[in-house]
Every structure is written in C-alpha cells, then in structure tokens.
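Here the structure is laid out as structure tokens; the discussion comes afterwards.
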Amino acid sequence: MTKPYVSWGRYPYKTQKGRDLHWRPQSLDMPGVFLPQGNARSYGDSCMLHEGTVLSTRFMNRFIAFDGETGIIRCEAGVTLAEILSVVEPQGWFLAVTPGTKFATVGGAIANDVHGKNHHVEGTFGAHLTQFELLRTDGSVRLCSPTENAEWFAATIGGLGLTGLITWAEFKLKRVSNSAVNVENIKYQNLADFFALSQESEQDFEYTVAWVDCLASGDQLGRGHFSRANHARVTQPKPAPSQHTLTIPVDPPVSLVNSISLKAFNWLYYHRQREKRVTQTTHYDPFFYPLDHVQNWNRMYGPKGFLQYQCIVPMEHSEAAICELLRRIGRANYGSFLAVLKVFGDVPSPGLNSFPRPGTTLALDFPYKGAQTMQLFDQLDEVVVQAGGALYPAKDAHMKPQHFKRFYPNADQLESFRDPGINSSFWQRVMEPST
C-alpha cells in the first residue's frame, strides 16, 4: 500500500511505499524501482520516489569497528551522526565534517557529500572516506575506495543514492583536545564587511559562517552576524549540553513565517548583540546544530511546507551575485529566518557530482506560496546561472533540467553509473522531464 510522504521541507507532496532494512542485506530483491533513504533530512525530492518504494536504511545502525588510536570508524549506512558523536566524542574525537544537523545518516552524508562550517579547511564529508561497500540490484557487491573501484567511489560520493545501496562505510575522524568551541560573534554592517571578515578569518579559524538579515537594504544590504570558531583548548572547562529542548507539537493551519514575523525576527536577531564582538566558549551542539534543539521545527511553515534555496557562486562573481540575490529577495518582500552565508575553500571533493566548490554559498528557507515561490526562484536562478554557479540537489524542489546539466556537467556520466533498479523523484525531474 502506498502512503503519503513528505521530505523534511514537506514539499513536494509525494505518495510512495516504504520498507525498512533492519540488517545488512545480501541481495536487493525488490519489486520494481526503489530508492535507498536515510533519515529523510533532505529538504526537496532527492530522498523521494513518487509511486515507488523507499528502502529505509535507518535501522541498519550498527557500529562495526572503531580504532581509538587512529580515529578510523566503520559503521552501517543508517547510523546517524548523533550516534557517532555519542561514541567518539568522549574519547577525544569529532566529525571531520558535519552538516547543520546531526540527525543525518552516514549514507545520506555520502550521497549528498555534505559540507560544514569548515569547508575551507577540511573540504566535504567525502574527502574523509576511506572505503565503503556498494550493493547493486544485479547482486554484485563492490568495495569502493580511492584505489579500488575508484570510479564507483567517485560516482557514489554526491551520487544522490542512485549508484546502489551503501551498506557500510569507513571514514576518518578528527582528533580534538576539547569538543567545545571558542566562538567569536561579530556584528557586521554589509556584504563588503562579510567578505573582509571571511578573508581575515580563513587562516586562523577552522569554522566560519554568517547569519544574514535578508531584508536589509541600501548601505546595510547583507548585514548580519559573522561567527568564527576553533575547538577549545584542553585546559578549558567543557560546558554542559543544554537540557532544554523546544518542540512544535502540532501543525499550525498557516505558515508562521510571514512578512510581519520576518521583519520582527530579523530586526531583533540582528540587534540581539549590543557589542560588535562577543567571545564565548560553548558546547558544540548550539554552534554546529542550532535547530536540532527545536523538534519538528519544519512544522512552523504550516501544511504547505517550505523550500530551501541554496546556491554557490564563484569567488570572482560572489559579491555582485550575492548582492543581486539579496536585492531580488528584498524586493519580493519574501525573506527567510534562516539565511546562511559561507565562503567555501578550494579543497577538492572526490565526488563526481558534488555540490561544494570554491565560491560563496547562500542558503535561505522560504514558505511555499505556490507560483509566487517558483517565480522568485526563477529570478534567483537567472543570477546563479549568469554567475556560473550551481544549486544544491539535497535542498532542491524546483531546479530545471537545463540548469541541472549546466550546474553538473558530469550528470550524464552519473547516469551511466546509476543502478537501473534505483531512481528518485529528483532524478526523474531533472534527467527525465517527460516522465
């Protein structure tokens, strides 16, 4: 029986069958086409298969091996980053790369080649993989690494789960003397300040990211708070994790994100800090995963859900392109609570079709308002295309096929590696537009 299903963004609405894997399978005997899925934290339709079968790996969550001396860990693909941290952080290790939620699975982190606040230092999640096992629907099993089945290794990293089922993966962790972080928050005035702070911070700070007031305009366009951080010293006390969590228990009948709430929130959030610079030592959770403390936060966008627009533009066009993107968003009076700006470094990804590349990435969440949302996204796409940038498939629900192939020139090559028994709603949309 099919059932209604939504991704984390709760748009688009899809109907699909579901099946859970509770152990590492020896074969994939599936009726029809299916899609491997982790913890469904992707925002758009890359983790969905309309009228198909989703094969959840969430219960393939066993640890296989961990070397406390080298920091190399092997686990099944359904293990979440939170579960890894619970094991390795007390022993002085941390994830080399982590996205903005610790509830993503290892398989999902590989499929989307996720990035974090330290891309300019550590690159992507895939850059720290040593090997993984890939099970195909034809019964073949491939051990993939940078030296063995290297072409499959590259195709699977950032391959959106289409090359086969990742059963287990092995990767390197990062040794830290203290998992807490020393954070400096800097209130800055405009985009020029942001780029100056990014350049100034690149050498001395491992983690850098900015929140942007996307409704500011004029001389204050792009103003926000720039956060830069390093792990605390071994002699510093480690703050205790917060015991307070919030939850949105029910679906509001309409989106709580509107022009009035946005203006109030952005003004208050920008002015929350009186001093220009504030330094503090904090537990890693609020710095790396601020939204994970709000359970079901995606409900605040109401029954229609939301879309995230995340793009990357090359450094030579970054300031002009980001300015224009923010201007168009401001003119539409259609901003975002969660506007994040970050400069990526030049650490290459091993993935054939990975999103991260040198440049500046901007990510914003928008409540879905039908044609109005898509028209705004079309306007933003014009800027990204002209700047030679790209959109992030893991966050996408609107990308046009012609743009996808321009953003990802190796898309046809990935199609040649795709398991014929696996597909997704995203892939059908961008590669098979007639379906």
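Every read-out reported here was derived from the displayed coordinates using simple, explicitly stated rules and does not represent laboratory data. Please read all numbers here as calculations on a predicted model, not as lab measurements. Ideal geometry is used to build each Cβ from the backbone, glycine not excepted, and the neighbour counts take in all protein chains shown.
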Step through the residues of the stretch 260-267 one at a time and calculate ³J(HN,Hα) from phi using the Karplus curve (6.51 cos²θ - 1.76 cosθ + 1.60, θ = phi - 60°), rounding each to whole Hz and writing x for Gly and Pro. 6, 5, 5, 4, 5, 5, 4, 5
Pick out, from His225, Ile166, Phe195, the residue whose Cα sits farthest towards the positive end of the charge dipole of the stretch 158-275, with +1 on the Cβ of Lys and Arg and -1 on the Cβ of Asp and Glu. Ile166
Computed about the Cα centre, the charge dipole of the stretch 220-277 from +1 Lys/Arg and -1 Asp/Glu charges at the Cβ has a magnitude in debye, to the nearest 20, of 480
Could you sort 249-258, 235-244, 202-211 so that the peptide with the highest average Cβ count within 10 Å comes first and the rest follow in order? 202-211, 249-258, 235-244
Residue-normalised 222 nm signal for the chain, counting each DSSP H run of n ≥ 4 as -39,500 (n - 2.57), nearest 500 deg cm²/dmol, is -6500 deg cm²/dmol
Would you please give the FRET efficiency between Gln220 and Ala371, computed as 1/(1 + (r/R0)^6) with r the Cβ-Cβ distance and R0 = 41 Å, to the nearest 0.05? 0.85
Hey, which lysines would be in cross-link range of Lys17, C-alpha to C-alpha under 27 Å, not counting anything within fewer than 8 residues on its own chain? Lys3, Lys102, Lys304, Lys395, Lys400
Work out how much length Lys304 to Ile260 would gain on full extension: take 0.36 nm times their residue separation and subtract the Cα-Cα distance, in nm to one decimal. 14.0 nm
Lysines near Lys187 by alpha-carbon distance under 23 Å, same-chain residues fewer than 8 away left out - which ones? Lys117, Lys263, Lys276, Lys342
Would you please give the residues with an amide H less than 5 Å from that of Leu338, counting only those at least 5 places away or on a separate chain, with H modeled from the backbone geometry? Asp365
Rel. contact order, % - alpha carbon contacts under 8 angstrom, at least six apart, the stretch 1-159: 18
Under the rule of at least 5 residues apart or a separate chain, name every residue whose amide H is placed under 5 Å from the amide H of Gly18. Val54
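Pull up the DSSP beta bridges for the stretch 1-131 and report the antiparallel fraction as a percent, rounded to 5.
Values: 8 of 16 bridges.
That works out to approximately 50 percent antiparallel.
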Relative contact order, percent, the chain [alpha-carbon distance under 8 Å, six or more residues apart]: 19
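Charges at C-beta only: +1 for Lys and Arg, -1 for Asp and Glu. How large is the resulting dipole of the stretch 305-435 about its Cα centre, in Debye rounded to 20?
Working: 12 positive and 13 negative charges, 56 e Å.
Dipole magnitude for the stretch 305-435 comes out near 260 debye.
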Relative contact order, percent, the stretch 298-435 [alpha-carbon distance under 8 Å, six or more residues apart]: 31
3J(HN,Hα) from dihedral phi, the stretch 19-26, Karplus parametrisation 6.51/-1.76/1.60, rounded to Hz, x for glycine, proline: 8, 9, 9, 9, 7, 6, x, 8
